[in-house]
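Here's the structure we're looking at; comments come further down.
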Amino acid sequence: MPNNHAMNLTNPLWAMVFSRSWWKPLLERRGRHFPSALQQAAWPQGIKAGPKKECHANASRLVLRFPNRFFYVEGLAENVTARFVTEHAWMIDQTTNQIIDPTWLDAGRDYVGVAFSAPFVLDWQLKRKRYQILHLDDDANDPIILAGIVALPGGAPVKIPDSPGGNG
């Protein structure tokens with residue numbers, strides 16, 4: 001199947017998740033889309049994959065270990081092995097803008113999210129006592145969250161359909 005670098009937002013999986021995502025407006029305004037064509041960066045030596053279902057912890061630990069190399073990213077991603085779209089966390093290499101997913105390894109296809117710097121991630125974790133930044137308990141328009149977002153030069157703007165199936 002050829003990859004045309006476009007995100008298939010008409011895919012029912014994406015439409016369903018976007019229709020229920022409380023931070024959909026944030027992704028539309030500030031998010032970036034990193035399609036499967038931007039293959040994941042080669043794993044840096046000495047870095048190992050983290051446990052499954054601990055994506056926020058896995059990504060934030062590595063970003064804090066290598067603060068000048070990676071940005072921490074939260075958003076939505078498609079796992080092609082298990083065939084689902086879900087909230088997820090991963091990293092972006094600051095030099096190459098390539099995805100490094102320390103949880104799914106090569107299972108991720110499309111990634112849509114917002115990036116945060118290591119100092120912001122550390123400050124957030126110390127104050128909130130949790131890894132995840134974009135959480136149902138928080139307002140996606142919180143000025144602290146908005147101020148922490150790093151503008152990424154890579155990826156593409158996010159275009160989200162208004163209704164499931166992409167017809168809106």
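Which one is farthest from the chain's Cα centre (by Cα) among residues in the range 89-128 that are of a type in the set (G, A, S) and assigned to a strand (DSSP E or B)?
Applying the first criterion (of a type in the set (G, A, S)) to the range 89-128 yields 89, 107-108, 113, 115, 117-118.
Among the residues that remain, those that are also assigned to a strand (DSSP E or B) are: 89, 108, 113, 115.
Values: A89: 5, G108: 11, G113: 4, A115: 7 Å.
Among residues in the range 89-128 that are of a type in the set (G, A, S) and assigned to a strand (DSSP E or B), the one farthest from the chain's Cα centre (by Cα) is G108.
Scanning the range 71-89 for residues that are over 20 Å from W22 (Cα atoms) and modelled with pLDDT under 85 turns up N79, V80, T81, A82, R83.
The rows are residues; the columns are (1) surrounded by fewer than 12 Cβ atoms within 10 Å (Cβ to Cβ); (2) in contact with a helix residue (DSSP H, G or I) (Cβ under 8 Å, 6 or more places away or on another chain); (3) modelled with pLDDT of 70 or more.
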site: A6; (1), (2), (3): no, no, no
site: V17; (1), (2), (3): no, no, yes
site: W22; (1), (2), (3): no, no, yes
site: R30; (1), (2), (3): no, yes, yes
site: A42; (1), (2), (3): yes, no, no
site: I47; (1), (2), (3): no, yes, yes
site: H56; (1), (2), (3): no, no, yes
site: L62; (1), (2), (3): no, no, yes
site: R69; (1), (2), (3): no, no, yes
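For Y131, are the conditions met, namely being at pLDDT 80 or above, among the aromatic types (F, W, Y), over 20 Å from F34 (Cβ atoms) and under 15 Å from the mean Cα position of the chain (by Cα)?
Yes: the conditions hold for Y131.
Of all the listed residues (V73, V85), the sole one being among the aliphatic types (A, V, I, L, M), in contact with a helix residue (DSSP H, G or I) (Cβ under 6 Å, 6 or more places away or on another chain) and not in a loop (DSSP other than H, G, I, E, B) is V85.
Report yes if T96 is at pLDDT below 85 and either over 14 Å from I149 (Cα atoms) or buried (at least 24 other Cβ atoms within 10 Å of the Cβ) (or both), otherwise no. Spell out how you get there, then give the answer.
On the way: at pLDDT below 85: yes; either over 14 Å from I149 (Cα atoms) or buried (at least 24 other Cβ atoms within 10 Å of the Cβ) (or both): yes.
Against the criterion (at pLDDT below 85 and either over 14 Å from I149 (Cα atoms) or buried (at least 24 other Cβ atoms within 10 Å of the Cβ) (or both)), T96 qualifies.
Only a single criterion out of (1) without any contact (Cβ under 8 Å) to a residue 40 or more places away in the chain; (2) crowded, with 19+ Cβ neighbours inside 10 Å is not satisfied by T103, namely (1).
In the range 117-145, the residues that are closer than 20 Å to I92 by Cα form Cβ pairs under 6 Å with partners that are at pLDDT below 90 and not in a helix (DSSP H, G or I), at six or more places apart or across chains, as follows: L134/W23.
The values are calculated or read from the model by the stated rules, or taken from the named source; none is laboratory data. Note that the coordinates shown come from a computational prediction; the quantities given were computed from them, not determined experimentally. Glycine also receives a Cβ, built like all others from the backbone with ideal geometry; neighbour counts cover every protein chain displayed.
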